[in-house]
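Working notes, beginning with the structure itself.
The values are calculated or read from the model by the stated rules, or taken from the named source; none is laboratory data. Bear in mind that the values here come from a model prediction, so they are computed numbers and not experimental data. Don't worry about glycine lacking a Cβ; one is built from the backbone with ideal geometry, like all the others, and counts go over all protein chains shown.
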Amino acid sequence: MTVSLTGSPDSALSSSLITISPMRRRHLRGVVAIEQQASSHPWSLGLFLGELRMPTSRSYVVALDRHVVVGFSGLMYTGDEGHITNIAVHPDYRRLGIAQRMLLGTMRQAVLQGLAAVTLEVRASNEAAQKLYQGFGFAPGGIRHKYYSAPREDALIMWVHDVNSNAYDQRLSGIESAAQQQARLGDQARLGDAE
């Protein structure tokens, strides 16, 4: 299924124009549409509704271009461990730093929850996503063989530990500062092009 978005980005769009907000029921139509594009086994509307009904053990955010959902990510947690359930960005909005901003918000939530460790799975061939996760301190911890289908592929299990440490909080602050600086440079470049 291809999702058509009104207000699709032009090549000069900066992720500074995108807002990251808590996921609400009103966002689910857009979330499910992106999920269907991004996953070989997409979650259903009912599954997302169920997740939103568990606010004491789940945290989901959306990326919005005005009021249009262009991405989402989720975290489930129990005890002092968390699991990134999913992270996806609409194809027209990729490579704008949106996944990084959503992951930053998600990991800030992990810190607020007092989590010590967070894990996720990523396609073994998805080097761009692995690089993003490594920037947040995630490191390979194992393989789930034939985890993905269409195409069939192994998942790399990645972990980050000591999420509840001052050092990790400083890492997140550094990522946030760098992202803000990049957004400012992008805004300045657009202003220069407009003159």
Practice task
Pairs only if they're at least six apart or on different chains, beta carbon under 8 angstrom, first in the range 103-132 and on the phi > 0 side of the Ramachandran plot, second among the acidic types (Asp, Glu); list them, first residue then second.
Solution key: GLY114/ASP80
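If I filter the range 149-159 for residues that are out of contact with any Pro (no Cβ under 9 Å at 6 or more places or on another chain) and of a type in the set (Val, Ile, Thr), do I get at least one hit?
As a first pass, look at the range 149-159 and keep what is out of contact with any Pro (no Cβ under 9 Å at 6 or more places or on another chain): 149-155.
Checking the rest, the ones that are also of a type in the set (Val, Ile, Thr) come to none.
Looking through the range 149-159, none of the residues is out of contact with any Pro (no Cβ under 9 Å at 6 or more places or on another chain) and of a type in the set (Val, Ile, Thr).
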Fill in the blank from the handout: Conditions (1) in contact with a Leu (Cβ under 8 Å, 6 or more places away or on another chain); (2) under 14 Å from ALA129 (Cβ atoms) -> ASN86 fails only (1)
Completion exercise
Over the range 133-154, the set of residues part of a loop (DSSP other than H, G, I, E, B) and modelled with pLDDT of 95 or more is PHE136, GLY137, PHE138
